[in-house]
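What follows draws every value from the coordinates through simple rules; no lab data is involved. For clarity, every value in this text was computed on a predicted model and none was experimentally measured. Ideal geometry is used to build each Cβ from the backbone, glycine not excepted, and the neighbour counts take in all protein chains shown.
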Amino acid sequence: MTNSRLARELAAALDNGEVILLYQPQIDLATGRTVAVEALCRWLHPELGLLLPYAFIPVAEESRLIGRIGEFVIVESLAAAASWRDAGLDVGIAINVSPSQLTSSSFGPRLADAVHESRLDPTTVTLEITETVAIENLFGATSNLDPLRAAGMVVAIDDYGAGYSSLSRLDDLGAGELKIDRTLLQSESPTNATHLTDVVAYAHERSIRVVAEGVERPEHLDRARQLGCDRAQGFLLGRPASQREISKSLLAERV
Ligand code: G
Ligand code: MN
């Protein structure tokens with residue numbers, strides 16, 4: 001399918017509810033409880049099936065639909081977090097920030113307003129940033145992120161180890177969380193294992209919490225624990241699920 005057709009369909013999909021959010025649990029390794037969920041965008045395409053963000057976010061970026069998707073994610077995920085809060089189910093919410101959002105001057109003020117209006121505790125809101133994006137326009141990124149951090153929100157470096165990762169980015173962006181990419185967590189290479197030990201030490205020296213991503217098998221969970229990661233996320237611990245399903249599992253967990 002051509003990108004222009006995909007863009008046209010995406011515009012319609014945003015109107016008719018085909019674009020949805022799922023939520024994936026993040027487990028506190030000390031207590032075993034779900035302390036946060038990451039909001040993940042999906043497109044339930046009528047012909048192509050379930051599309052993951054990489055299949056349509058680039059198209060959205062090109063066609064300026066990304067603004068609408070970004071707004072949808074903010075409104076929908078904060079509403080879900082507020083509904084869990086209202087039900088007495090305290091759980092943090094992690095939102096992925098797209099490249100163009102990060103450098104758009106309207107993003108920071110809009111998110112600050114939305115969080116304020118939701119009356120959520122800002123310290124329970126995490127903004128996941130892919131570091132390559134932040135490097136390309138560090139000024140734009142920090143102009144958005146600094147006020148959000150000042151309001152209490154947490155900046156997370158996403159997919160650490162997937163590309164040209166640099167720990168200095170944690171300092172540049174005032175990050176409060178580091179998410180270790182699944183390729184690095186799952187790697188069997190001793191060099192990578194040593195590197196990971198250093199990474200966790202570096203983060204913890206700065207009181208930055210570490211989340212292990214891609215925990216798919218029991219040995220990945222063991223590794224996350226051995227490394228001293230604070231939180232873990234992955235198919236073994238919970239697949240991305242609807243707001244309803246998450247509500248049910250949070251209720252079940254908290255009896
Ligand atoms: O880039 P980011 O880390 O935000 O991407 C999250 C994506 O990874 C989601 O689309 C989610 O479905 C996927 N994911 C979550 N847990 C796992 C896992 O354990 N294994 C794999 N392969 N993918 C996962
Ligand atoms: Mn993410």
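Structure notes:
- Taking a ≥ b ≥ c as the square roots of the eigenvalues of the Cα gyration tensor, the chain is classed as rounded, since a/c falls below 1.5.
- Dipole magnitude of the range 92-210, debye to nearest 20 (Cβ charges: Lys/Arg +1, Asp/Glu -1, about Cα centre): 180
- Taking a ≥ b ≥ c as the square roots of the Cα gyration tensor eigenvalues, the range 214-255 comes out prolate, since a/c reaches at least 1.5 and a/b is larger than b/c.
- Taking the Cα centre of the chain as origin and assigning +1 to Lys and Arg Cβ atoms and -1 to Asp and Glu Cβ atoms, the resulting dipole is close to 420 debye.
- Rel. contact order, % - alpha carbon contacts under 8 angstrom, at least six apart, the range 92-169: 39
- Estimated inter-spin distance, A151 and E136, nm [label 7 Å along Cα→Cβ]: 2.5
- Residue among I180, I135, I93 with the largest mean-square fluctuation in a Gaussian network model of the chain, springs linking Cα atoms under 10 Å: I135
- Qualifying chymotrypsin sites (Phe, Trp or Tyr not before Pro) for the range 138-234 [loop in DSSP, other Cβ within 10 Å: at most 13]: Y164
- For the chain, the residue among G176, L44, S247 whose Cα projects farthest onto the positive side of the dipole built from Cβ charges is S247.
- Sequence-distant contacts, meaning Cα pairs under 8 Å at least 6 residues apart, place the relative contact order of the chain at 19 percent.
- Full extension of the chain between L48 and R33 yields a length gain of 1.9 nm, computed as 0.36 nm times the residue separation minus the alpha carbon distance.
- Summed over qualifying helices (DSSP H, 4 residues or more, each -39500 (n - 2.57)) and divided by its residue number, the chain shows a 222 nm mean residue ellipticity of -15000 deg cm²/dmol.
- DSSP assigns beta bridges within the chain; of those with both partners inside it, close to 40 percent run antiparallel.
- Contour excess over end-to-end distance, with Cα ends at F235 and T194 and 0.36 nm allotted per residue: 12.3 nm
- Full extension of the segment from A252 to E18, taken as 0.36 nm per residue of separation minus the current Cα-Cα distance, would add 81.4 nm.
- With at most 11 neighbouring Cβ atoms within 10 Å, loop GluC sites (Glu not before Pro) (DSSP) excluded, longest segment of the chain: 48-187
- Classification of the range 174-228 by its C-alpha gyration tensor yields a prolate form. The axis ratio a/c (a ≥ b ≥ c) is 1.5 or more, and a/b outweighs b/c.
- Nearest-20 debye value, the range 138-200 charge dipole, Cβ charges on Lys, Arg, Asp, Glu: 80
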